[in-house]
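Data block below; observations after.
The values are calculated or read from the model by the stated rules, or taken from the named source; none is laboratory data. Bear in mind the structure is a predicted one, so any value in this text is a computation, not a measurement. Heads up, the Cβs are rebuilt from the backbone with ideal geometry, glycines too, and the neighbour counts pull from every protein chain shown.
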Amino acid sequence: MKRCIATVSLSGTLEDKLRAIAAAGFDGVEVFENDLVNSGASPREISELAESLGLTIDLFQPFRDLEGVPDEVFRKNLERIERKFDVMGELGAPMLLVCSNVGSQALADPQRSAAQLYAAAERAAQHGIRIAYEALAWGRHVRTYAQAWDLVRRADHASLGVCVDSFHTLALGDDPRGIASIPGDKIFFLQLADAPKLQMDPLSWSRHFRCFPGQGELDVTALVEQVLCSGYRGPLSLEIFNDVFRSSDTRQTAVDAMRSLLYLEESIGAHDSAPQIAGLDRVQPPPPQRLNGVGFLEFAVDADTGRELAAWLTRLGFAQVGTHRSKAVTLFRQGRINLILNAEPDSFAQGYFQMHGPALCAIALRTSDEFQALERGRAMLGIQIEGRNGPNERNIPALRSIDGSLLYLLGGDEDSAEPFATDFLGGDVPTEGVGLRRVDHIAMALPPESMNAWILFYRSILGLEPQPVVEQAELYGLMRSRAMVAPSGRVRMTLNASEGRNSMMARSLSAFSGSGVHHIALECDDIFASIEGLQANGIEFLMTPANYYDDLAARLDLPEELVDRLRTYGILYDRSTGGEFFHIPTETFKGRFSFEIVQRAGDYAGHGEPNAPAFLAAQARSLLEPIAR
Ligand code: MG
């Protein structure tokens, strides 16, 4: 299927946008009128640029408030539309998008609207142009695809059809199943956008909060399936109005856009109740592989910070169990948790360290098949990174993450000996430490503008499933969190961003990559025993205030002795219908990241989200008021 995007979805000049769109592999574009009006290039020059880039111009948009108006207004509208047809002739655009009238002059007179649409289509036909009529969710009288189709059917002109836009239909909660009964050849164009579920007027929601399919919470796939059932085989075109995308890196946004379309195409027909759609030409990468857990986490350090971090890890109950065969790389282990400190000069990690300071530079995940996982990652536009290997060392498939850190793909499960047995001397020693068993989740601190890109990266490449958005106030900002969880439950990433440059999340960001790990949660079976072991080793935890426990007791109606015990140990607590979650954050390493000791009981599925403000407030007191403690 043809893949298109509206130029309004990206930032920059029209020329920059076209180059980025072509580089990301799109076939065509919708030219947004304002982009053209503000361009220094003539319509003909834009047409030539698009052609030289291998892009077709499939649509020109928008034309507003055409139909359902008094006769004298309509005469002026026809003059106005004629001028657009002239521009479109220069531009080589074969189709004009006409939006349903939102003006106060619009009359509730379907016969009149249909007749005026017919008259406009007749004029368009003389220019070899077709009109796609779109119902805006906030149109004066026409708001649904069914109403738009009713007018198009009444007008009955070969050059007039409907444009279906997923946002307008899904934002109104309209049922997309009626779209399949519109004749496919009367659906002229299909625009796609996702969005987070927000309680606000559709106009503001549409103008500011649209996002690429897969990033939001609307079922765009189900709508596309209905459109394809109609017989439509025209372009799948992204039309995203989003304040962040308007100011983001044009090329990166274009790649995200293409990734979202590939992911959407793959999802068509995948769920159980999907209709059968014949003759569909689309990508079919290997499916996401089962994720079996975290293989290892790698930190970029230099010799000095490496020693400090090693000492801290030792107090956390880790043992140094191996040194790399050929590199200044050491392996620490506790239970099934493997942490690697990389101080190898002239390596990726050193470049990372020089840019970001001591930081998590790579995450290795265990998958059922690392080569299939890599192939899927590449099909979803992940960039493969080739490492340098010494003799007899394993070449581990790797992809570049959004922030430039690495995502390694390993086979096997958390018990697997590789790559440690091959690449490290003495790397096969088990160690129990203080009872920390495995990595529970990795919490990332992200700048707000990159949140959507990460969601799509993890969702499309790894098959992690986004959980509902959680918004909470932290001390210095409003925090937005979204957990991404593997269907196996064995890999969990929580993505966190706070608005505000002084927010606690923002303080965890690397000045250069703009993101970083906020904390790494390590799971144990008996958090009270593990804390005692850690305290004996001199590990300090963030202080949770007495007020928290008073509130906890009131909020959750817990037994007094449990609350007292939590208070004594400084443990944060959360509960769901199926289980409980106990967790306690350590102090941070050089103000950058911390560990969190967690224990799950029953089938608790979250990550202690309600306690995030208490966690961040404790971190703030620790980092900003050390003398007061
Ligand atoms: Mg639209």
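Got at least one residue in the range 79-96 being away from the ligand (no atom under 16 Å from the Cβ), in a strand (DSSP E or B) and in contact with a strand residue (DSSP E or B) (Cβ under 8 Å, 6 or more places away or on another chain)? There is no residue in the range 79-96 that is away from the ligand (no atom under 16 Å from the Cβ), in a strand (DSSP E or B) and in contact with a strand residue (DSSP E or B) (Cβ under 8 Å, 6 or more places away or on another chain). For the range 136-158, the set of residues classified as more than 16 Å from the ligand (Cβ to nearest atom) and either closer than 18 Å to GLU239 by Cβ or buried (at least 21 other Cβ atoms within 10 Å of the Cβ) (or both) consists of LEU151, ALA155, listed by residue number. The C-beta contact set for the range 272-284 (first residue closer than 14 Å to GLY184 by Cα, second residue not basic (Lys, Arg), distance under 6 angstrom, 6+ apart or interchain) comprises ILE277/LEU228; ILE277/GLY269. Scanning the range 219-230 for residues that are hydrophobic (A, V, I, L, M, F, W, C) and either buried (at least 22 other Cβ atoms within 10 Å of the Cβ) or free of Cβ contacts under 8 Å to residues at least 24 places away in the same chain (or both) turns up VAL220, LEU223, VAL224, VAL227, LEU228. The set of residues from the range 1-24 being in contact with a helix residue (DSSP H, G or I) (Cβ under 7 Å, 6 or more places away or on another chain) and within 15 Å of GLY54 (Cα to Cα) comprises ARG3, ILE5, GLU15, ASP16, LYS17, LEU18, ALA20, ILE21, ALA23, ALA24. From the list LEU407, LEU495, the lone residue that is free of Cβ contacts under 8 Å to residues at least 60 places away in the same chain, part of a strand (DSSP E or B) and buried (at least 24 other Cβ atoms within 10 Å of the Cβ) is LEU495.
When you check SER100 against the structure, is it within 16 Å of the ligand (Cβ to nearest atom), within 38 Å of the chain's Cα centre (by Cα) and hydroxyl-bearing (Ser, Thr, Tyr), yes or no? First the steps, then the outcome.
Numbers: within 16 Å of the ligand (Cβ to nearest atom): yes; within 38 Å of the chain's Cα centre (by Cα): yes; hydroxyl-bearing (Ser, Thr, Tyr): yes.
Considered against the rule, which asks whether it is within 16 Å of the ligand (Cβ to nearest atom), within 38 Å of the chain's Cα centre (by Cα) and hydroxyl-bearing (Ser, Thr, Tyr), SER100 comes out as yes.
Filtered by the rule that a residue be in contact with a helix residue (DSSP H, G or I) (Cβ under 8 Å, 6 or more places away or on another chain), surrounded by 19 or more Cβ atoms within 10 Å (Cβ to Cβ) and of a type in the set (D, E, K, R), the range 34-59 gives a lone residue, ASP35.
Okay, residues lined up against (1) under 30 Å from CYS4 (Cα atoms); (2) in contact with a strand residue (DSSP E or B) (Cβ under 8 Å, 6 or more places away or on another chain); (3) modelled with pLDDT of 95 or more:
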residue	(1), (2), (3)
ALA270	yes, no, no
ALA274	yes, no, no
PRO288	yes, no, yes
ALA303	no, no, no
LEU309	no, yes, yes
PHE318	no, yes, yes
VAL321	no, yes, no
ARG325	no, yes, no
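Residues that are more than 15 Å from THR253 (Cβ to Cβ), in the same structural domain as LEU262 (by TED's automatic domain parsing) and within 16 Å of the ligand (Cβ to nearest atom) do not occur anywhere in the range 14-21. Taking every residue in the range 231-248 that is in the same structural domain as THR7 (by TED's automatic domain parsing) and touching a residue at least 60 places away in the same chain (Cβ under 8 Å) and pairing it with any residue that is acidic (Asp, Glu) and within 16 Å of the ligand (Cβ to nearest atom), at least 6 positions away or on another chain, the pairs with Cβ-Cβ distances below 8 Å are PRO235/ASP58; SER237/GLU30; SER237/ASP58; GLU239/GLU30; GLU239/ASP165. Per this entry, ASP109 is not counted among residues that are among the acidic types (Asp, Glu) and within 16 Å of the ligand (Cβ to nearest atom). Screening PRO183 against (1) at pLDDT below 95; (2) over 30 Å from SER450 (Cβ atoms) leaves a single unmet condition, (1).
Scanning the range 160-181 for residues that are within 15 Å of the ligand (Cβ to nearest atom) and assigned to a strand (DSSP E or B) gives GLY161, VAL162, CYS163, VAL164, ASP165.
The condition of being within 30 Å of ASP415 (Cα to Cα), in contact with a helix residue (DSSP H, G or I) (Cβ under 9 Å, 6 or more places away or on another chain) and either in the same structural domain as GLN334 (by TED's automatic domain parsing) or surrounded by fewer than 16 Cβ atoms within 10 Å (Cβ to Cβ) (or both) does not hold for GLU308.
Before we move on, is GLU432 closer than 30 Å to THR568 by Cα and touching a strand residue (DSSP E or B) at 6+ places or on another chain (Cβ under 8 Å)? Considered against the rule, which asks whether it is closer than 30 Å to THR568 by Cα and touching a strand residue (DSSP E or B) at 6+ places or on another chain (Cβ under 8 Å), GLU432 comes out as yes. Which of the residues spanning the range 38-52 are assigned to a helix (DSSP H, G or I) and small (Gly, Ala, Ser)? Across the range 38-52, the qualifying residues are SER47, ALA50, SER52.
For the range 36-70, taking the residues that are under 34 Å from the mean Cα position of the chain (by Cα) and within 16 Å of the ligand (Cβ to nearest atom), the one that is farthest from GLU82 (Cα to Cα) is identified as ASP58. Output yes when any residue across the range 203-213 is in contact with a Cys (Cβ under 8 Å, 6 or more places away or on another chain) and under 27 Å from ARG83 (Cα atoms), and no when none is. Within the range 203-213, not a single residue is in contact with a Cys (Cβ under 8 Å, 6 or more places away or on another chain) and under 27 Å from ARG83 (Cα atoms). Of the residues making up the range 523-546, those that are closer than 18 Å to PHE593 by Cα and aliphatic (A, V, I, L, M) are LEU534, ILE539, LEU542, MET543. Scanning the range 276-296 for residues that are part of a strand (DSSP E or B) and farther than 14 Å from LEU409 by Cβ turns up nothing. Those strands (runs of 3 or more DSSP E) of the range 306-353 in which 1 or more residues are of a type in the set (Ser, Thr, Tyr) occupy 319-324, 329-334.
For the range 506-625, list the helices (runs of 4 or more DSSP H) that sit wholly inside it and hold at least 3 residues that are modelled with pLDDT of 90 or more, among the β-branched types (Val, Ile, Thr) and within 28 Å of PHE299 (Cβ to Cβ); which are they? No helices (runs of 4 or more DSSP H) qualify here. Within the range 335-354, not a single residue is of a type in the set (S, T, N, Q), crowded, with 22+ Cβ neighbours inside 10 Å and within 30 Å of LEU261 (Cβ to Cβ). Checked against (1) within 21 Å of the chain's Cα centre (by Cα); (2) within 16 Å of the ligand (Cβ to nearest atom), ALA222 passes all but a single condition, namely (2).
ILE240 meets all of the listed conditions (1) more than 16 Å from the ligand (Cβ to nearest atom); (2) over 21 Å from GLY463 (Cα atoms); (3) crowded, with 19+ Cβ neighbours inside 10 Å but one, namely (1).
Here is a yes/no grid of residues against (1) within 13 Å of the ligand (Cβ to nearest atom); (2) buried (at least 24 other Cβ atoms within 10 Å of the Cβ):
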residue	(1), (2)
ASP185	no, no
LEU190	yes, yes
PRO196	no, no
GLN199	no, no
LEU203	yes, no
PHE209	no, no
GLU217	no, no
